[in-house]
Structures are given as C-alpha cells and as structure tokens.
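Since the structure comes first, as structure tokens, the remarks are kept for the end.
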Amino acid sequence: MRLSRYFLPVLKENPAEAQIVSHRLMLRAGMIKQAQAGIYSWLPLGFKVLRKIENIVHEEQQRAGHIPLLMPTMQSADLWRESGRYDDYGEEMLRITDRHGRDMLFGPTNEELITDIFRSHVSSYRDLPLTLYQIQWKFRDEIRPRFGVMRGREFLMKDGYNFDMDYEAAMRAYDRHMVSYLRTYERMGLKAIPMRADSGPIGGEDTHEFLVLAETGESEVFYDSAITDLKLGDREVDFADAAQLRAICEEWTTPYARTDETHDEARFKEIPEERRRSSRGIEVGQIFYFGTKYSEPLGASVQDAEGKKVDVHMGSHGIGVSRLLGAIIEASHDENGIIWPEGVTPFHVGIVNLKQGDEAADAACEQIYAALNMVGLEPLYDDRKERAGGKFATMDLIGLPWRITVGPRGLKNGVVELTSRRSGESEELPPEDAVKKLAEIYAPHLVKGL
C-alpha cells in the first residue's frame, strides 16, 4: 500500500478524552473514531489489525477441532426467560420491543441461542462431543463506557460452546480450550496468564480468566512470578491427546495466579516471598464449565447408549477480539507510539523514501516495494512529499515492527537502512538482503495455523 493513497487520519496532539495509552494511541494513529460513547468506527488501519487478530483466533479454534458458525445479534427474550436469565442479567442487556410487540434483546452472550440450536438438531450421544463457536459483535450497555475499545458497549467477541456427555468429557473440552487460548495469545506476542476467577452472570464453578499484565488493567491480580516464564513456543500439541492437554494445563495452573475475587491470602503466603507478585491485569478471555445450568431448563438432552435421556454438560469460552487490540497496545508501546508484534501488525514493514522525487531513490523504493510483495509481505510505502522527520514520526506512531529507509547517500554505497521498531537498532544492507531478512523473520507468521 502507498501511503499517498491510503486513508490514515493521524493526529499530532493527544486527544483530551483518552485516559489510557491504548485509547490515546488508537485515536492518534487513525485506527478508530468514536461514533458515540463506547461505540467506535474501525478505520482502515484498526480494521486491518482487528482482522489479523480474528484470523489467528479462527485458526487456533479450528486447529483444536472447533466448528465455526454465525448466530444473529438480535435474540428472542423468550429463550432467556426459559433459562431464567432475562430478569437476572441486569441493565447491561439492551432490551428492545419490535413492531409486533415481541420482546427482543441485543445479545450480550449466546448460551441460550446455541443451546436452542443444539436441542433442535442433536439427539444422540453418537453426535458428541461437539464444540461450536462464532466471532460476532456483542452489545452490553455499560453504565460508564471508558478506555476506548477496552471497555466499550459494542465489541467483537469469540464465543464458543461445548456439549459433552458427562463431567469428564466436558473437562477435556475445558483443557482443550485452555491450550488453544495459550497458543492464540502467544501468536499475538502476548503473555496472557490463566487465573482462577469468578464466574459472574455466566455461572458455573470451574472458570479461568486470561489476563495480560498492565498498569491500566481493571482487575487486581496476585501471582507466582514463575508463571511468567512459561511458554508453549514451538511445542507440538495434539488436541486429540487428553493426557498431553491435561499436563499442559497443570503446568500453567499449578503456579498461584488469581484475581482479587478468588484471592486466597493464606495460599499466596506459601509462595516464596521473592516470587510473590501483585499487579493489575486486563482480561482478554475466559473459559467456563457450567454443567447442566442451561441444558436442563432448555431441554438440551441426548439419548445415551442405553436409550436413556441425559442432559448434556456444557461450557462456554470467550475471547475479546476487539479488546485484544487495546491490550496488545497497552503491553507493547513506547513514548513514540505503538510497537506491533509481528503476528498482528497491519503492515509488515514501512518504506521511507528520504528524497521523494529523486530518480534513484524513487526507483529503489519501487523495486523494494515489488520485491516485498513478491515474497508475500505487505509493505506500507510512505511516498508522500513530506519531511523525513514527519515520515519517521508517522512510522513510529503506527508501530510497524520494521522500517526500510532509502536515501540517495546510502544508495551510492549500495545499501538501505533496516530498523527494528522494538529495539531501535539499525543496520545497513543491500536492498535485496533487507528483503531476504524480512522474509525470514516473518516466515513463521505467514504459515497458516491449520
């Protein structure tokens, strides 16, 4: 993409309404525009990152054997009355009456709707286990929407639901989701810690939240610092191997890590003092097991091998897709702007032409631009007739992980400058070597997750 043809409405000043780093930088980088309190338009740069995050979530869900579908945003209140949640959920749920006088709601979550789909089409134990998921917009009428996309009223969310014959099978689904989430966050360059949490209005006894440590987090968290050293890395995971999944989950859940709602001070003090940590955390996902809480009142049952009707055991599993974008920025930025991890960056590399209009510089930029596209990378070429300082400031603000700087002086020596946004380190390389190095860096991120 050529910046002269792109829509990137960057701001030089910090917006007065932005209270946290991610909100401020997303507005300044031209990623979002507020439509009304807690509701945003996603501008091209923000939309590109949102889709990158969404694609990673899809790939890891399907790698784990989960099946995508799409449910409507508007739901019938009758289903929620069946489950008993219509009056219990609270004012966060937007209730609507249509022209025929029917009570509707803008879905804040989908346990009722997915259970209705299941009970309409599944009747035998032979069809289990089954996990269905979607990535869909949700609405919760927050009393005080704030912090940009971190606590908005409208948000993009992945919500998944497992249906199993019994507790043991449902807990295998729980483990499968935990490992798939660990993989998902690592691919985004995030350290998201699974923490024992409170189930809230979803219900159920077994639940973990995944939290990214950040000063602006809404939750107080307590943890053993040993958990921050854990990583899946390139480990091969077989999602059909229940024993392997259980071992990974135990590895990640044995070190103490809890939110303030479930914090146990006595157990916390059993950790060696030098490893005790308290911080703030941003919730980016949660997994629940809630047994027959929804299947029993909604009649979601199957026949077992003896022909007996059995209420299925269920769990739900959410990832805040749009919230993740803000969390990544909170965890990865500096005083100059965003620093995108390679897995989610909107463009792989920025090209800065120091002397637009110079025949040699223009030709070299065009060649580099074409070569990057040929190896499967997506560059953003700043071909504007702007001062070099302004171009560098824009690249730092929008946070592309790598920058190639092209100027007449370097070209006389046959080199361009390749700069890492994260470290700030630069090296001079022939243009073809810079392209080759970037192709190697990005190779793991360009391989499909399926």
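The values are calculated or read from the model by the stated rules, or taken from the named source; none is laboratory data. Remember, it's a predicted structure, so these values are computed and weren't measured experimentally. Please note: Cβ atoms are built from the backbone with ideal geometry, for glycine as well, and neighbour counts cover all protein chains shown. Ligands, DNA and RNA are excluded from the accessible area calculation, which covers all protein heavy atoms including side chains. Shrake-Rupley method; radii C 1.70, N 1.55, O 1.52, S 1.80 Å.
Working carefully through the options Ala192, Ala226, find the one that is farther than 22 Å from Gly318 by Cα and of a type in the set (Gly, Ala, Ser). Talk me through it step by step, then tell me what you get.
On the way: Ala192 fails: farther than 22 Å from Gly318 by Cα.
None of the other options fit; the residue is Ala226.
When you look at Gln62, is it at pLDDT 95 or above, in contact with a Gly (Cβ under 9 Å, 6 or more places away or on another chain), in a helix (DSSP H, G or I) and surrounded by fewer than 19 Cβ atoms within 10 Å (Cβ to Cβ), yes or no?
In short, yes.
Which residue pairs have Cβ atoms closer than 8 Å, lie 6 or more positions apart in sequence or on different chains, and pair a first residue in segment 112-129 that is in contact (Cβ under 8 Å) with a residue 24 or more places away in the chain with a second residue that is charged (D, E, K, R) and open to solvent by 70 Å² or more (accessible area, probe 1.4 Å)?
That search, which allows pairs on different chains as well, returns Glu112/Glu82; Pro129/Arg172.
Would you pick out the residues in segment 21-45 that are open to solvent by 10 Å² or more (accessible area, probe 1.4 Å), assigned to a loop (DSSP other than H, G, I, E, B) and more than 16 Å from Pro346 (Cα to Cα)?
Once the filter is applied, which keeps residues that are open to solvent by 10 Å² or more (accessible area, probe 1.4 Å), assigned to a loop (DSSP other than H, G, I, E, B) and more than 16 Å from Pro346 (Cα to Cα), segment 21-45 yields only Ala37.
For segment 389-409, name all the residues that are touching a helix residue (DSSP H, G or I) at 6+ places or on another chain (Cβ under 9 Å), farther than 24 Å from Met31 by Cβ and not β-branched (Val, Ile, Thr).
The answer is Gly407, Pro408.
Take the residues in segment 120-151 that are surrounded by 18 or more Cβ atoms within 10 Å (Cβ to Cβ) and of a type in the set (Lys, Arg), then tell me which one is modelled with the highest pLDDT.
The extreme case among them is Lys138.
Name the single residue, out of those in segment 222-262 being within 23 Å of the chain's Cα centre (by Cα), within 25 Å of Arg280 (Cα to Cα) and aromatic (Phe, Trp, Tyr), that is surrounded by the fewest Cβ atoms within 10 Å (Cβ to Cβ).
This residue is Trp252.
I need a count of the residues in segment 408-425 that are under 22 Å from Ala361 (Cβ atoms), of a type in the set (Asp, Glu) and loosely packed, with under 10 Cβ neighbours inside 10 Å.
Going through segment 408-425 one residue at a time, the tally reaches 0.
Filter segment 76-119 down to the residues that are hydrophobic (A, V, I, L, M, F, W, C), farther than 19 Å from Met157 by Cβ and either over 28 Å from the mean Cα position of the chain (by Cα) or open to solvent by 40 Å² or more (accessible area, probe 1.4 Å) (or both) and list them by number.
Ala77, Ile96, Met104
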